[in-house]
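Visitor: Please read through the structure below; I'll follow up with questions.
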Amino acid sequence: MANTSSDSHSILQKLINNLSSDLRQLSTETKKKYPPIKEAAEACNMKLREYSTMKDNLSIVMRDASVDLLQPFVLGCDTKQVKIVQLCLTSIQKLLQHHIVNQASAAIIVNVLSALCELQTEELKILQTVLLLVNTTSVVVHSTLATLFVITFRLCFSKDPTIVNTSTAAVRQLVTAVYDRVIEEDAQNIPAGDQVTQDSDLSKPQQQQQLSSNIDSLRPYARDAYLLFQDLCYLINGDQPIWLIGLTEITRTLILELIETILTHYASIFHCHNEFRYLLKERVSPLVIKLFSPGSKHSNSSSGQNSNTTYDSAYFPLIARLLRVVCILIRFYFTLLITECEIFLSLLIKLLEPDKPVWQRSLAIECIHKIIIHQNLIKLFCLSYDMQPHSSKILRDLTNAISSYVQSYFNSAAISSNSTTTSGQTNTTNVAISDKKSSGASTTSKLDSTSTYSSNVSNGTGGSSNTILFAYRNLLVPQYVTYTQGQAKAVYVENWEKFDCPLIPDSYGIVVAYACMLELVRAVQSIIEGTGMRGDSIAGTQLRTSVQLRPLESLTENEKHECIEVVNCTWSSVLVTFTLLYDVCYDDTSCELLLRGFQTYISLCGMLGMNVQRDAFVTCLCKTALPPQYNIHLLGKQQNNEQQQQQQSLLQKLTTRSSVDSSTGGDYERQQVVIVGTPLPLLNSSSRDAFVTCLCKTALPPQYNIHLLGKQQNNEQQQQQQSLLQKLTTRSSVDSSTGSDYERQQVVIVGTPLPLLNSSSAMNQTAVMLTSKNIHCMRTLLSVAHCYGSILGTSWHLILTTLQHLVWIIGFKPSTGGTLKHVGTLANTDATPMTNSAAVVTTAAMADLPILSSMLSRLFESSVYLDDVALHHLIDALIRLSIESMEVAIIVREPSLFAIAKILETGRANLNRIDVWWKPISSHLLDVCQHTNPRMREWGTEAITLLVRNALEYKYEQNLFDNERLLHMIIISLHELSLIQHFDVRQKQLEATLSILTNNGPTLQTGWPIILNIIGSITREHNDSLIRQAQQCLQLVVTDFLSTIPICYLGILIKVVAKFGFQEQDLNIALSAIGLLWNMTDYLFRMKEQEHQLKNVNDYLDPNEIYDNLTAIEELWMILYRKLSELTIDQRPAIRKSASSTLFTMITSHGQLLSTGAWSILIWQVLFPLFEQVEQFFYTASKEREQLQQQQLSKSSGGQEILMHHSRDTPEKQWAETYVMILAGVTRTVQQKTLK
């Protein structure tokens, strides 16, 4: 403290010395002409000498004597002598710098400055003194402060430009200083009565009167600020000021700038003081509305008049500043001025109408952009206006206005292009500025007018951009400003120095409108996520984020209603605008941002359960992913009246852009083509979504008619394909009449289409091309399905349909496991393109194909994260898609296998919850296995058999083989293939069965009956290869797994083995089956000790196979004896001989295991009936050798003719041999039993 006091005292001593020097100089200058001044100077100098001897409170003493200290300098200023005035003002400034001034002396100084200002003397020194008065002290208040403002405002009209600029800056500093004082004053002393809640209703007359009468109660600084702001409003309105007395002249632009500064930086003052809020409602808002009103008188000017007219030049700076004020009022004071902001927003919307001058529309769209970046305002607009019963739908109107603004630009461009073409004006090499509207000129960038728009844009943006954002026919929209998320670069509204109306290209507003729509999407997303709901918290989404927020179910009804209403107000405009802009987009980054907007709205609508809106975005995204000329009828299912009205409304918006003959189209609409493929076969089904159908119809060109195409043969088709590829991939020299590099495009794939149902052959010759934008959109579609699969619902069908078409065009074919691989030909090779759906691919697109294949696989593999409901939606869509492909496959040779392959992939990914999806998928795949198309049938069988194998190998929480219900559900699907008579299906079934036995044989347990029935489901119609495959499975069962089969299932196994003995296709297999029965005899003999495990054996036998009073093991012996006895009467002698020998050998070896009752059944119900049957066959057999019998024998023996001994060359002799064997065997058996 001592050091500080010492420093301050030394500074004041220096000040005294300097003042003494100035006083001596003043005395010298005035001693002849102005003796009073000389005397005053000397007297003042004497006081300074006295002060120099003081050590304490020097500054206070000098401040109290400041009036006396100023006296000689004030008198010197009255002399009007330049040299003396300069000296005096310099000394006064020294006093101000050291705070040696009080309120009285400050008033004297201000009076001196006012007098000097009237004389227009030392204006720069005056301004310096003015700033020191306000910035260094706080004693200038009330009328003194008002006089100071009047002085500064008057200097703004000086003849010297330097003084004008300095005084303007000084005014701004004065205003800032005044309101800074209020902030400090409020911070030091904030009584409760000075604050007010934002919910106060200022529209009541009583409160307005109270606010007006309470002005005197404001604190000093706040009162000065209030009176200053009030007088500014009076002055701009043309009224006389109350506080700034004597001020007669001031520019409106300066006042608006000052009001803007106050409103921008000192919003807290207006929110805290009722008096200032009253000024906003009763002074500022009516003032802004009034200043906008003259525009209606001049909105229509004569046609062809340049926008840079005298009126526009005078009106532009006022409107620009006025719009800045409007933005500030909406951004910072919306809660205070809800009703007034509705009017302001309506004015902005009005300024976007086509009849307004281009510069007004550009300024308005810039202001809207500045507003939209504040996301909280979007929600406030919806809550305050759109959700109120009797209020304007401001948010809906605002978004519609932006959308209409974009559409009107391209509509006028199309009309202009069409009229130019019809009138013969086709020379695009001339630099021109087109479309000058009646309301003011609009400069439209032509295809070859880059020099023109470069010079125009440089006036506002400081230079031209080489990046083309959008291109439509002969129009270009350059990137005037770079889009930065959350920032609004208002080139013209924020240009304070611009007083003349600039020549603004009308395409500039399109760039800003595009940024507005991107910010709108971001704002809506932030509003919904701000409630705590995000896509990464929804089950089944694949967003990689660690943030876990509350899901949709946790929102309150009010929150959900607000979110839905915000989306309802914006979705249609966003959809129409983004669809249009993506169609004409030429920049990859912009394409990415637009597609991201589609993706955002799909996720938001899905999470909020807004299915109609979600499907609309999905539809447009799917349409964009498909080629422009791809004729596809999507989803034509009827909807209710409300949905039809919505679709009609949206259809009108989407079709606003009038169709123009394709010959007038600019090449900017044609992006780089990377794939040309073939369209997928599709039914003209009436059971599809009408809403989506209308949207897709609008996507097709109006002149597109595939039925008018000519008919060609297959060889002509390949020639056309190669010719088109060569034509589109060759960068030929550009014609001199149209010279533009943008016309050069490159096709990288050319393919042939797949015939549609009831389509003409001519349509099948149409080449289909995919551009890089199509591929980009396909990736976005895959990303949408991957990230938001849980909320897509019925949209899955539309997405999968589109992916199926794209997969076919690209030339992907399913491989093992359901993955897709490309099948085609490189365009730079001499190889002949493959027929049907194969596509010709250039090296430019080859790198993308593995990526797309991987994305497709990951999409269905990620279905493991979907909940059960979402998984059912996915599976239902795949099944519907597969049914459509099945119907088309009836008439085509090469069907689409996309749906079946992805059903397989989806099933393999969700084996952990197989009971959720197995029944619908297995049922559908069984239907596919019965299809008449071999390829369709092949992949259906492949899918069902692979799913069964993978399901049996999967490691479940509960062991599958202990879960009888689940095990049977899986294996029964494989067994149902036995009902299908197609040999290829049965072959794959047996292959799968062999694989199951190899991998899971020891653990099948309760699954053995189904497996054995599959093996035994052979019929007479099966060929040798199927019989051999089945016998291979049976051989494996008996030799390797007989001991693992539960004993209760042995009866089934015996009957299956016997069935192979009855088959007539292969004699060796039949004989081998009898040998297997003998092997089972030994196994049954060893099972005597485990007879207690055979309690349930009768449950798996037919009722006519069960005997009373027999044990379980005896039941099995009876089945074995009975089957051998049936083989003994087979028509083939070799079978009869082998079976009879095995039968009686078995009885001899193991007969002792049978009880008396069993022996009785064996003799009376097996052997004696067998003997009678053989005897009957013997007596009825033919006695003559017949050629037919010989041929049958040859066939049964493997196709070679067998030479027989004369003792066996007739059926009678052969049956006689069998008769003898049976008689001997029965006799021996009876004797054996009798002896025992």
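One line per residue, one yes/no per condition, for (1) surrounded by fewer than 20 Cβ atoms within 10 Å (Cβ to Cβ); (2) at pLDDT below 85; (3) not assigned by the TED database to the domain that holds GLN103:
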site	(1), (2), (3)
LEU23	no, no, no
LYS31	yes, yes, no
PRO36	yes, no, no
CYS44	no, no, no
SER52	yes, yes, no
ILE60	yes, no, no
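Visitor: Checking the condition closer than 17 Å to GLU964 by Cβ and in a helix (DSSP H, G or I), which residue from THR993, THR1006, THR998 passes?
Guide: Result of the check over THR993, THR1006, THR998: THR1006.
Visitor: Which numbered condition in (1) touching a helix residue (DSSP H, G or I) at 6+ places or on another chain (Cβ under 9 Å); (2) at pLDDT below 85; (3) of a type outside the set (Lys, Arg) is the only one that PRO1103 fails?
Guide: Evaluating PRO1103 over (1) touching a helix residue (DSSP H, G or I) at 6+ places or on another chain (Cβ under 9 Å); (2) at pLDDT below 85; (3) of a type outside the set (Lys, Arg) leaves (1) as the failure.
Visitor: Among the residues of region 1054-1065, count how many are without any contact (Cβ under 8 Å) to a residue 60 or more places away in the chain and either open to solvent by 10 Å² or more (accessible area, probe 1.4 Å) or within 58 Å of the chain's Cα centre (by Cα) (or both).
Guide: Number satisfying all stated conditions: 4.
Visitor: Another question, if that's okay. How many residues does region 100-136 hold that are among the charged types (D, E, K, R) and more than 22 Å from VAL175 (Cβ to Cβ)?
Guide: The number of residues fulfilling the criteria is 2.
Visitor: Looking at region 973-1032, which of its residues are hydroxyl-bearing (Ser, Thr, Tyr), open to solvent by 50 Å² or more (accessible area, probe 1.4 Å) and closer than 12 Å to LEU952 by Cβ?
Guide: Within region 973-1032, THR998, THR1003 qualify.
Visitor: Sticking with this one: Counting just the residues of region 950-969 that are open to solvent by 80 Å² or more (accessible area, probe 1.4 Å) and in a helix (DSSP H, G or I), which one comes out nearest to THR1044 (Cα to Cα)?
Guide: Once the filter is applied, the top-ranked residue is ASP962.
Visitor: Among the candidates VAL1174, VAL1220, which residue alone is modelled with pLDDT of 55 or more, open to solvent by 40 Å² or more (accessible area, probe 1.4 Å), part of a helix (DSSP H, G or I) and among the aliphatic types (A, V, I, L, M)?
Guide: When all the criteria are applied, what remains is VAL1220.
Visitor: Continuing with this model, one more query. Could you please give the count of residues in region 43-90 that are closer than 19 Å to ASN102 by Cα, in contact (Cβ under 8 Å) with a residue 24 or more places away in the chain and not hydrophobic (A, V, I, L, M, F, W, C)?
Guide: 9
The values are calculated or read from the model by the stated rules, or taken from the named source; none is laboratory data. The model shown is predicted, which means the values in this text are computed figures rather than measured ones. Every residue, glycine among them, receives a Cβ derived from its backbone with ideal geometry; neighbour counts consider all protein chains shown. Just so you know, the surface numbers come from the protein's heavy atoms only, side chains and all, with ligands and any DNA or RNA stripped out. Shrake-Rupley method; radii C 1.70, N 1.55, O 1.52, S 1.80 Å.
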